[in-house]
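Asks: Sharing a structure with you now.
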Amino acid sequence: MTDPRRLQGVGVSPGVGFAPAMVVHWGFPDVRDRTVEEDEIEAEVGRLHGAVQEAVDSLEALRERVLVRAGVEESRIFEAQILMVQDPDFLAGVEVLIRENQLSAETAYEFKALELRNLWASSGSAQLRERLADLTAIQRRVVLRLMGQTEREPWSGTLDEQVIVVAHELSPGLTVQLDREHVVGLVSEEGTRTSHAAILAHSLGIPAVMGVAGAIQRVRSGQMILLDGRTGAIILDPTRSELEEAKTRLHRRHRLQLKLEAGLLEPAVTPDGRTVSLRGNVDLPEEIEPAVRHGADGVGLLRTEFLLTGRAVVPTETEQTDYFRRVAQAFPNQPIVVRTFDLGGDKFPAAFEAPIEANPFLGWRSIRVCLDHPEIFRPQLRAILRAAVGRDIRMMLPLITRVDEVEQVRRLVDEERAALRADGQDVADEVPIGVMIETPAAVVLADRLAAVSDFFSIGTNDLTQYTLVVDRGNARLADRFRTEHPAILRQLRTVQQAAAAQGIPVSVCGEMASDPLSAVLLLGLGFVELSVAPPALPLLKLVVRSVPLSVAEAAARLALEADTSEEVREILRSAVGGHLDVALLDPAGALPAYRAPTSIPAR
Ligand code: PEP
Ligand code: MG
C-alpha cells in the first residue's frame with residue numbers, strides 16, 4: 001500500500017525544504033453580474049482601460065524586480081504578460097459587451113476572460129495550457145482592480161516564520177514575490193519543468209516540486225513538510241530519521257559539488273582511455289559564458305528560436321551572422337552546431353502568426369515551417385554560410401521525417417552560397433549539414449538519411465515524446481516519459497549503426513545525455529559525443545572519468561536485452577555502483593534546460 005504521508009511530483013528546482021505548509025487558495029475572485037445605465041457606459045469603458053493600465057504598471061514593476069532578482073530572460077516573462085494584458089482584440093471584445101449589453105466593466109471582462117481561459121484549456125495545445133497560469137494571473141490582476149480590491153498575497157505581510165507554500169497552481173507573478181528567507185519551498189498541483197513559475201523558482205533558488213496530484217487536499221496548513229526539489233519526493237510529518245536522512249543526502253550532494261568543481265579542468269577521458277566530447281546546449285546568449293566556464297568542448301546544439309521570441313520582426317541576416325560569430329569566438333577551434341529555427345510545438349514566437357491546431361506537436365512546425373517560409377529560412381542559411389568562414393560552424397536541421405527535406409535544404413544552401421558569392425560576399429565552401437534524429441520516421445530511415453547527411457544528432461526529448469506517445473510537457477505523464485524505454489534503446493542502436501556504416505559522426509543532444517545513468521548507457525552504445533545544458537556538464541564529466549568504457553559497453557549489451565525501463569535502470573545502477581555513489585545520481589532531477597519562449601501564443 002502506498003504511504004499516505006508521501007506525495008510525488010516532478011522536482012523542478014533543486015534543494016531540500018522543511019517547514020510548515022501554507023496552503024494557498026489562490027483563485028479567481030467571484031464577480032457579481034452587474035449592469036449599468038446607458039449614460040454610465042463611457043465611464044465603464046474608461047474604468048476598463050484605467051484598470052488595464054494599472055495592471056500594466058504593476059507588471060512593469062514586477063518585471064523590473066525580476067530583472068534584479070533573477071535575470072533578463074526571466075524578466076521577459078513579464079514583457080509577454082504586459083503584451084497579453086493589452087491584447088487589443090480581447091479588450092475590443094470586452095468593450096463590445098459593455099456597450100451593447102450594458103454590462104459593468106468587471107462583468108464584461110470576467111465573461112470574456114472565462115471564454116478565453118476555456119478556449120486555451122480545451123485547445124489541445126500544450127503551449128497554451130502551459131501558459132494558462134500566466135493568463136489567469138493577468139486577468140485576475142485586472143478584475144481585482146475593477147472590483148476595487150487590492151492584490152494582497154498571503155505572504156505580502158510580515159511573515160516571520162518559514163513556510164512551504166502549497167497551491168493548486170503558481171503564477172510567475174506570485175512566485176517572484178516570494179521571499180526566499182521565509183518561503184523555503186513550493187509545491188503545486190499543476191506545472192512542469194518548463195512552466196514559468198518553475199523557471200523562476202529555480203532562478204530564485206527556492207526548492208520546488210510541481211505536478212503533485214491532490215496536494216491541496218492532502219496537505220493541511222501548518223502540517224510539517226519535507227520536500228526534495230531534485231527528486232520530487234514530499235514527506236508529510238517527517239520522522240526524525242527521515243529528516244536526518246535528508247540532511248545526510250544534502251551533505252553528500254555538497255561533497256559531490258566540491259568534487260565536480262575540482263574536476264572542471266580535467267579532460268573528459270574514461271579510466272580506460274576513451275576521449276569523449278562533452279559539448280554544451282546553448283539556448284540563449286546568457287548561456288555562452290556558463291558553457292565556457294563549465295568546460296564545454298564547443299556547442300553541440302545552438303538553439304536559435306530566441307532570435308525570434310518576443311519580437312515583432314524577424315532578425316536580420318547580419319544580426320544572426322554576428323550572433324553565430326560571437327558564439328564561435330567563445331570556443332576557438334571547437335565546433336558550433338547551429339540548429340535552424342525549430343518553431344512550432346512548444347515554441348512559436350510573437351513575430352509569427354501561428355495557426356491554432358488541434359495537435360501542434362503533430363502539426364506545422366520546425367523544418368516544415370522553414371521550408372514553407374523561405375523568406376525566414378534563407379536569411380538564416382546565409383547567416384550560417386557567412387559566419388562559417390574560417391570557423392567550425394555546422395548546420396543542423398530539426399524534426400526531419402523525410403529524405404527530400406534534407407535534399408531541399410541542400411539545394412537552398414547551394415543557391416544561397418552562389419547568390420552570396422555573386423554579391424561579392426565571403427562564404428564558407430563547406431558547411432557540414434547534419435540532421436536531428438528526433439522522430440521515429442528518421443530512425444527508420446536512418447540509413448537513407450545518413451547518405452545525405454554529414455552528421456547526426458539524436459534529440460531524445462522529441463524522440464521519446466513521439467515514440468512513447470507521451471507529451472514531453474505534461475506533468476501527469478512525467479513518470480511515463482522514460483528515455484531508457486526499450487523502444488528508445490533499440491532506436492539508439494539503429495541510429496548508431498546507420499551512422500557507423502556511413503562513416504558519419506553521431507551525437508546525442510537531448511536531455512537524456514544529462515542524466516548520469518543514461519549517459520553511461522549512451523557511452524556503452526557507442527556515443528562519444530554528448531551535448532547537454534551547461535550546468536549538467538561537470539557531473540557528466542565525473543561520470544565519464546569514473547566509469548570505464550568496457551563497463552558501460554557491458555551494461556549497454558545487457559540493457560538491450562531488458563524488457564522494461566526499470567530493468568534498464570537497475571542494470572545501469574549496478575554497473576555504475578562500483579565506480580560512483582549511485583544514490584546521488586539517481587533519479588537525476590535534471591534542471592530545466594530549455595526555457596520555453598515567452599511570446600504570446602496566437603489565438
Ligand atoms: C530534442 O528534441 O531532444 C532536442 C534536443 O530539441 P528540443 O528540446 O529543442 O526540441
Ligand atoms: Mg526537438
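The values are calculated or read from the model by the stated rules, or taken from the named source; none is laboratory data. Predicted model, so just to flag it, every value in this text is computed and none were measured. Quick reminder, even Gly has a Cβ in these numbers, built from the backbone with ideal geometry, and neighbours come from all protein chains shown. To get the accessible areas, we keep the full protein, side chains included, count just its heavy atoms, and leave off ligands, DNA and RNA. Shrake-Rupley method; radii C 1.70, N 1.55, O 1.52, S 1.80 Å.
Asks: What figure, in Å² to the nearest 10, do you get for the accessible area of S122 with a 1.4 Å probe and non-protein molecules left out?
Replies: For S122, solvent-accessible area is about 90 Å².
Asks: Follow-up question, since we're still on this one. Give me, ordered by chain and number, the residues 5 or more places off V163 or on other chains with an amide H under 5 Å from its own placed amide H.
Replies: For V163, whose amide H was placed from the backbone, the distant partners under 5 Å are V183, V184.
Asks: Using only Cα atoms, locate the centre of region 167-190 and the centre of region 440-516, then give the distance between them in Å, rounded to an integer.
Replies: Centre-to-centre (Cα) distance: 35 Å.
Asks: OK, next. Which of rounded, prolate or oblate describes region 276-536 when judged by the alpha-carbon gyration tensor and an a/c cut-off of 1.5?
Replies: Because its axes are fairly even, with a/c under 1.5, region 276-536 counts as rounded.
Asks: Explain nothing, just the number: relative contact order of the chain, from Cα pairs under 8 Å at least 6 residues apart, as a whole percent.
Replies: 16
Asks: Next question. Could you let me know the centre-to-centre spacing of region 243-279 and region 323-346, using Cα atoms, in angstrom?
Replies: First find each Cα centre; the distance between them is then 27 Å.
Asks: Still on this structure, please answer the following. Rounded, prolate or oblate: pick one for region 38-146, where a ≥ b ≥ c are the square roots of the eigenvalues of its C-alpha gyration tensor, a/c under 1.5 means rounded, and failing that, prolate if a/b is larger than b/c, else oblate.
Replies: Here region 38-146 falls in the oblate category.
Asks: Further, regarding this structure: Whole-Hz Karplus ³J(HN,Hα) for region 169-179, in order, using 6.51 cos²θ - 1.76 cosθ + 1.60 and θ = phi - 60°, x for Gly and Pro?
Replies: Each residue's phi maps through the Karplus curve to give 8, 10, 8, x, x, 5, 5, 6, 7, 5, 9 Hz.
Asks: Nearest 10 degrees, 0 to 90: what angle lies between the long axis of helix 374-387 and the longest principal axis of the chain (Cα atoms)?
Replies: 50
Asks: Rounded to the nearest 0.05, what FRET efficiency do R411 and L477 give with R0 = 41 Å and r taken as the Cβ-Cβ distance? Could you check?
Replies: Here the calculated transfer efficiency is 0.55.
Asks: Given H placed on each backbone N at 1.01 Å, which residues far from G298 in sequence or on other chains put an amide H within less than 5 Å of it?
Replies: Amide H neighbours of G298, under 5 Å, 5+ apart: G280.
Asks: From the phi angles alone, apply the Karplus equation (6.51, -1.76, 1.60; θ = phi - 60°) to region 275-280 and give each ³J(HN,Hα) in whole Hz, x where the residue is Gly or Pro.
Replies: For region 275-280, the Karplus curve yields 7, 10, 8, 10, 10, x Hz.
Asks: Count neighbours as other Cβ atoms within 10 Å of each site's Cβ, and list the GluC sites (Glu not before Pro) in region 1-62 that are DSSP loop with at most 15 such neighbours.
Replies: E37
Asks: Express in Å², to the nearest 10, the accessible area of V282 obtained by rolling a 1.4 Å probe over the protein heavy atoms while all chains stay in place.
Replies: Approximately 0 Å² of V282 is accessible to the 1.4 Å probe.
Asks: Moving on to the next point. Going by the alpha-carbon gyration tensor, a ≥ b ≥ c the square roots of its eigenvalues, is the chain rounded (a/c under 1.5) or, if a/c is not under 1.5, prolate (a/b greater than b/c) versus oblate?
Replies: It comes out oblate by the Cα gyration axes.
Asks: Here is a follow-up. How are the alpha carbon pair distances in region 142-297 distributed across 10 Å bins from zero to the largest one, expressed in percent?
Replies: 9, 27, 30, 20, 10, 2, 1, 0
Asks: Sticking with this structure for a sec: Antiparallel versus total DSSP beta bridges in the chain: what percent is that, nearest 5?
Replies: About 35 percent, rounded to the nearest 5.
Asks: Please work out the Cα center distance from region 375-393 to region 102-120, rounded to the nearest Å.
Replies: A separation of 47 Å, based on Cα centres.
Asks: Could you report the chain's accessible area per residue, 1.4 Å probe, as an integer in Å²?
Replies: For the chain, the per-residue accessible area is 41 Å².
Asks: Same structure again: Rounded to the nearest 5, what is the percent of antiparallel bridges among the DSSP beta bridges in region 276-536?
Replies: 5
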